[in-house]
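Step one of this worksheet: look at the structure below.
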Amino acid sequence: MSTLSAPRKQRTPIRPARVLLHTFLVVTALAWLAPLLWALFAAMRPYAETSTKGYVSWPDKLTFDNFTNAFQQSDMLHYFGNTLLIAVPAVLLTLLLSSMVAFYVSRFDFRVNLFLLLVFTAGNLLPQQVIITPLYRLYLLIDLPGITMSGKLYDSALGLVLIHVAFQSGFCAFVLSNYMRSLPHELTEAALVDGASVWRLYWQIVLPLCKPAMAALATLLSIWIYNDFFWAIVLISTGENMPITSALNNLSGQYFTDPNLVAAGALLTAIPTLIVYFALQRQFVSGLTLGANKG
C-alpha cells in the first residue's frame, strides 16, 4: 500500500533587508535600555564600593538599600501626592477643554474654524523659555487669598495646573479634531434631526466615540506632566509644594552627592509612568492606529 506523505512547508528565504532591519531594531533597543540598566546597576551598589573600585567593575554585592534610603530621605510619598494633585486635574481639564474646541472646529463649518485651530496649535510651537520672564512676573502679581496656600498664583499647584493646560491643549485639540473629522457626519445629522442639542451631541454621541484617542492622549499627557521639571522648578519656590521630579534635589547635599542614591531615586520616580503606560497600553495602541484605518 502506498502512503501519502504530508507536503513539506517551504521555508521562507531569509532576506538581507529583513536581517538588517532586525539587527537595527535589536541595536536600537539595547541603546535605549543601556542607560536604564546602567542606572539600575549603579543603584544596587554601595557608594563606598564604587568610589573605591569605580563603576566599571564587578560588584561585591548588590542590595536594595539605596532604594529604601532614597524613598525615606526624599519623603517621596509626600511628593507623589503633590504630583497627583497637579497631574490628575491637568490631564482631565486638558482633555475636556481640547475636546470642546475640537468638536466645534470639526463639526461646524464657519470661516475661521481652521484659523482658530491653528491658533491653538501654534501655542505648542512657542518655546517655554521665551515667555518664562513675563509669565513669572504675572504669577507674582495675581493674588488668590484663601484659594492657595501662598495667597498667590505663584508657588501653588493651581499655577502649575493652569500652565500645563495652556501648553498641552493645542496639541490635544489638533489630534482630537482630526479624529472627529473621521467620524461619520450622518451620526450628528441624524441626532440634530431628532432634536438633540449641541451639548448632547458633544457629550453623548461624539465624545464616547473618541475614547481610544482620549485614552492615547491621556497616557501621553500623564507622562509629560509627571516628568515636567522646568515649570515646577520655576513656578514653585517652597520645597513642600514641589512635585516628585523637583523633589529629587533633596537627595543632593550642599557639599556631597551620592550618585548611586540619586540613581535609585530616579528609578523610583519612573515607576508611576510605567504603571500608567502598561495600564492603558491597549487603549494607547488602538488610539494611535484606529484613526489610520478610517476611510
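The values are calculated or read from the model by the stated rules, or taken from the named source; none is laboratory data. What you are looking at is a predicted structure, and each value in this text was computed from that prediction instead of being measured. Neighbour counts run over all protein chains shown; Cβ positions are idealised from the backbone, glycine included. Accessible surface is based on the protein model in full, side chains and every heavy atom, while ligands, DNA and RNA are left aside. Shrake-Rupley method; radii C 1.70, N 1.55, O 1.52, S 1.80 Å.
The table below gives the values:
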{"read-out": "First in region 130-141 and open to solvent by 60 Å² or more (accessible area, probe 1.4 Å), second anywhere and part of a helix (DSSP H, G or I) and among the aliphatic types (A, V, I, L, M), Cβ under 8 Å, 6 or more apart", "value": "136/234; 136/235"}
{"read-out": "Residue, nearest to the chain's Cα centre (by Cα), within region 211-235, restricted to residues that are more than 17 Å from residue 88 (Cβ to Cβ) and not basic (Lys, Arg)", "value": "216"}
{"read-out": "Residues (surrounded by fewer than 12 Cβ atoms within 10 Å (Cβ to Cβ) and either over 14 Å from residue 258 (Cα atoms) or of a type in the set (Asp, Glu) (or both)) located in region 37-61", "value": "37, 56, 57, 58, 60, 61"}
{"read-out": "Residue pairs meeting the criteria (Cβ under 7 Å; at least 6 apart or on separate chains; first assigned to a helix (DSSP H, G or I), in region 242-261; second among the basic types (Lys, Arg) and at pLDDT 75 or above)", "value": "260/45"}
{"read-out": "Count of region 129-143 residues which are over 29 Å from the mean Cα position of the chain (by Cα) and in a loop (DSSP other than H, G, I, E, B)", "value": "0"}
{"read-out": "Checklist (1) under 25 Å from residue 117 (Cβ atoms); (2) open to solvent by less than 20 Å² (accessible area, probe 1.4 Å); (3) under 17 Å from the mean Cα position of the chain (by Cα) applied to residue 202, failing item", "value": "(3)"}
{"read-out": "Selection within region 56-79 - among the polar types (S, T, N, Q) and in contact (Cβ under 8 Å) with a residue 12 or more places away in the chain", "value": "63, 66, 69, 73, 74"}
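Here is a yes/no grid of residues against (1) in contact with a helix residue (DSSP H, G or I) (Cβ under 6 Å, 6 or more places away or on another chain); (2) under 30 Å from residue 268 (Cβ atoms); (3) of a type in the set (A, V, I, L, M); (4) at pLDDT below 90:
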residue	(1), (2), (3), (4)
87	yes, yes, yes, no
92	no, yes, yes, no
98	yes, no, no, no
110	no, no, no, yes
117	yes, no, yes, yes
123	yes, no, no, yes
